[in-house]
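Down below is the structure, laid out as structure tokens.
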Amino acid sequence: MFSFFQKKMPLTNLFPADFVDIHSHFLPNIDDGSKSMDESVALLRRMHGFGIKNIICTPHVMESVWENSSETIQRKLDALNAHLKNIEFTDITLRTAAEYMLDANFDRLLKTEKLLTLKDSYILVELSFLNAPINLYETLFQIQIAGYKPVLAHPERYSYFHNDFKEYAKLKAAGCWFQLNLLSLSNYYGSSVTSVALQLLKHQLIDFTGTDTHKQHHLDFLEKVVDGKVLKLIEPILGANAFFRE
């Protein structure tokens, strides 16, 4: 059992048994994540070693880069699950959703397609790292009009919000749920991202978390020792992810 009196320990010691990783890139050869079935298995075995047995795969859907469809994503999941069964690695549950970039293609998908959800009506969305969409708030409104609940992936990584912290409160008021990347707590993306991640946690703006694992190097950083004060902030968020169990 975790004690807050411990000064430092890896995040990987903290996952509750009912934790669900709601952001990952384990499906092979579909985006910038796993590049092969063998790599997917190796990553999943390591996740299993951390005690994570429930995973939602969220490949990118991005115009002109990764134009994945619900059908192609589901086929990749089916193939990976069949392979896991064949090698008798069945003590892990994989489902699929998608990480939707809020671009022109997303506007079309929202109007014409049934989107892949994390659970019920929750969809994972992301923004460009260069700048926010001009029509961001209109898009968030349309998402909700269509019956979905937007979960914004890694809000701490959008540097254009860093000097305007009130924008985060505005996004929450507009109906956004926030998913923090656990790697943001290990300085993987740099000190400014870590600082904003901690501010978001302290202001109780984070709803869920995820590993956003693409490769082994990400899991190396996930095993890095983290300060006890940070662990205390993230522990209740790890528990909140149990909401996504089926």
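The values are calculated or read from the model by the stated rules, or taken from the named source; none is laboratory data. Since this is a predicted model, take the numbers as computed values, not measurements. Using ideal geometry, Cβ is built from the backbone for each residue, glycine included, and neighbour counts are taken over all protein chains shown.
Report, by residue number, each residue of the range 44-71 that is among the β-branched types (V, I, T), within 25 Å of S128 (Cα to Cα) and at pLDDT 95 or above. Full working, then the answer.
So in the range 44-71, the residues among the β-branched types (V, I, T) come out as 52, 55-56, 58, 61, 65.
Next cut, within 25 Å of S128 (Cα to Cα) only: 55-56, 58, 61, 65.
Once the filter is applied, which keeps residues that are among the β-branched types (V, I, T), within 25 Å of S128 (Cα to Cα) and at pLDDT 95 or above, the range 44-71 yields I55, I56, T58, V61.
For the range 115-133, the tally of residues that are at pLDDT 95 or above, over 21 Å from L200 (Cα atoms) and either in a loop (DSSP other than H, G, I, E, B) or of a type in the set (F, W, Y) (or both) stands at 6. Taking the criterion of being among the β-branched types (V, I, T), touching a residue at least 60 places away in the same chain (Cβ under 8 Å) and within 18 Å of H203 (Cβ to Cβ), the only residue of the range 215-246 that qualifies is I234. Is one or more of the residues making up the range 59-69 over 29 Å from L238 (Cβ atoms) and in a helix (DSSP H, G or I)? The answer is no, given that none of the residues of the range 59-69 is over 29 Å from L238 (Cβ atoms) and in a helix (DSSP H, G or I). Restrict the check to the range 75-88 and report whether at least one residue is closer than 23 Å to N181 by Cα and surrounded by 15 or more Cβ atoms within 10 Å (Cβ to Cβ). Yes, the conditions are met somewhere in the range 75-88.
Filter the range 47-58 down to the residues that are in a loop (DSSP other than H, G, I, E, B) and either touching a strand residue (DSSP E or B) at 6+ places or on another chain (Cβ under 7 Å) or acidic (D, E) (or both) and list them by number. Even if it seems obvious, please write down each step before you answer.
The initial filter retains those residues of the range 47-58 that are in a loop (DSSP other than H, G, I, E, B), namely 50-53, 58.
I52, K53, T58 - these are the residues of the range 47-58 that are in a loop (DSSP other than H, G, I, E, B) and either touching a strand residue (DSSP E or B) at 6+ places or on another chain (Cβ under 7 Å) or acidic (D, E) (or both).
Of the residues making up the range 75-93, those that are touching a Leu at 6+ places or on another chain (Cβ under 8 Å) and either in a helix (DSSP H, G or I) or within 16 Å of L124 (Cα to Cα) (or both) are K76, L77, L80, N81, L84. Taken over the range 207-237, the criterion of being at pLDDT 95 or above and in a strand (DSSP E or B) is satisfied by F208, T209, G210, T213. Residues in the range 32-69 that are of a type in the set (G, A, S), more than 17 Å from E126 (Cβ to Cβ) and either surrounded by 13 or more Cβ atoms within 10 Å (Cβ to Cβ) or in contact (Cβ under 8 Å) with a residue 60 or more places away in the chain (or both): 5 in all.
Contact map, the range 100-120: residues that are within 17 Å of I73 (Cα to Cα) and in contact (Cβ under 8 Å) with a residue 24 or more places away in the chain paired with residues that are surrounded by 18 or more Cβ atoms within 10 Å (Cβ to Cβ) and among the acidic types (D, E), Cβ distance under 6 Å, separation 6+ or inter-chain. Pairs shown: M101/E126.
Pick out the one residue from Y188, Y160 that is hydroxyl-bearing (S, T, Y), out of contact with any Ser or Thr (no Cβ under 6 Å at 6 or more places or on another chain), without any contact (Cβ under 8 Å) to a residue 60 or more places away in the chain and crowded, with 18+ Cβ neighbours inside 10 Å.
Y188
Of the candidates L127, L182, the single residue that is under 19 Å from V20 (Cα atoms) and either under 15 Å from the mean Cα position of the chain (by Cα) or among the hydroxyl-bearing types (S, T, Y) (or both) is L182.
When restricted to residues that are surrounded by fewer than 19 Cβ atoms within 10 Å (Cβ to Cβ) and touching a strand residue (DSSP E or B) at 6+ places or on another chain (Cβ under 6 Å), the range 96-115 contains 0. Apart from one condition, Q144 fits all of (1) in contact with a Pro (Cβ under 9 Å, 6 or more places away or on another chain); (2) crowded, with 16+ Cβ neighbours inside 10 Å; the exception is (2).
Considering only residues that are outside any loop (DSSP other than H, G, I, E, B) and β-branched (V, I, T), which ones fall in the range 21-46? Explain how you work it out, then say what you get.
Kept after step one, since they are outside any loop (DSSP other than H, G, I, E, B), are these residues of the range 21-46: 21, 24, 37-46.
Across the range 21-46, the qualifying residue is only V41.
For the range 11-25, the criterion of a residue being touching a residue at least 24 places away in the same chain (Cβ under 8 Å), closer than 26 Å to K229 by Cα, surrounded by fewer than 22 Cβ atoms within 10 Å (Cβ to Cβ) and of a type in the set (G, A, S) is satisfied by at least one position.
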